[in-house]
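Undergrad: Dropping the structure in here first, questions after.
The values are calculated or read from the model by the stated rules, or taken from the named source; none is laboratory data. The shown structure was predicted, so the numbers you read here are calculated from the model rather than taken from an experiment. Here the Cβ positions follow ideal geometry from the backbone for every residue, glycine too, while neighbour counts run over all protein chains shown. These area figures cover heavy atoms from the full protein model, side chains too; ligands, DNA and RNA do not enter into them. Shrake-Rupley method; radii C 1.70, N 1.55, O 1.52, S 1.80 Å.
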Amino acid sequence: MTLKYNQSYTFDMKTAVSLPNDLFESAEVLAEELGFTRSELYARAVDDYVRKHRKSEIKKRLKAFYGQDVPSDAAVTLYARTILERSEW
């Protein structure tokens, strides 16, 4: 038997986090200005952070892989870097 938490209310994961008071207040103001709920603001912020972290990790792995004693052409490297930075991962 699988238990579902408050299934009629939400399908999303609920969690509790602790924030410094000043950060909480700033987030409240920003959410109001943007017309977001608190949950939506936090979800968007975490999503943005996770995406940026994944991109950074992928770039590190590519750099480690392609940096292994492979002579590089400066123009090709610059072009590849530009393409990678513009790509959505």
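Undergrad: So if each residue of separation counts as 0.36 nm, and I subtract the Cα-Cα distance between V50 and I83, what length gain in nm does that give? If you can, show how the numbers build up before the last one.
TA: On the way: separation 33, 0.36 × 33 = 11.88 nm, distance 2.07 nm.
Fully extending the segment from V50 to I83 adds 9.8 nm.
Undergrad: What FRET efficiency would be calculated for the residue pair V76, T37, taking the C-beta separation as r and a Förster radius of 41 Å, to the nearest 0.05? Walk me through the numbers before you get to the answer.
TA: Working: r = 47 Å, r/R0 = 1.14.
The pair V76/T37 has a calculated efficiency of 0.30.
Undergrad: Once Rh for the range 30-89 is found with the Kirkwood sum over Cα pairs, what is the Stokes-Einstein diffusion coefficient at 4 °C and 1.567 mPa s, in µm²/s? It would help to have the intermediate numbers written out before the result.
TA: Values: Rh = 14.1 Å.
Approximately 92 µm²/s, per Stokes-Einstein.
Undergrad: Which of the GluC sites (Glu not before Pro) across the range 23-89 are loop residues per DSSP, with 14 or fewer other Cβ within 10 Å?
TA: Within the range 23-89, the qualifying GluC sites (Glu not before Pro) (loop, at most 14 other Cβ atoms within 10 Å) are E88.
Undergrad: Ordering F24, F65 by accessible area with a probe of 1.4 Å, largest first, what comes out?
TA: On the way: F24 65, F65 125 Å².
From most exposed to least exposed: F65, F24.
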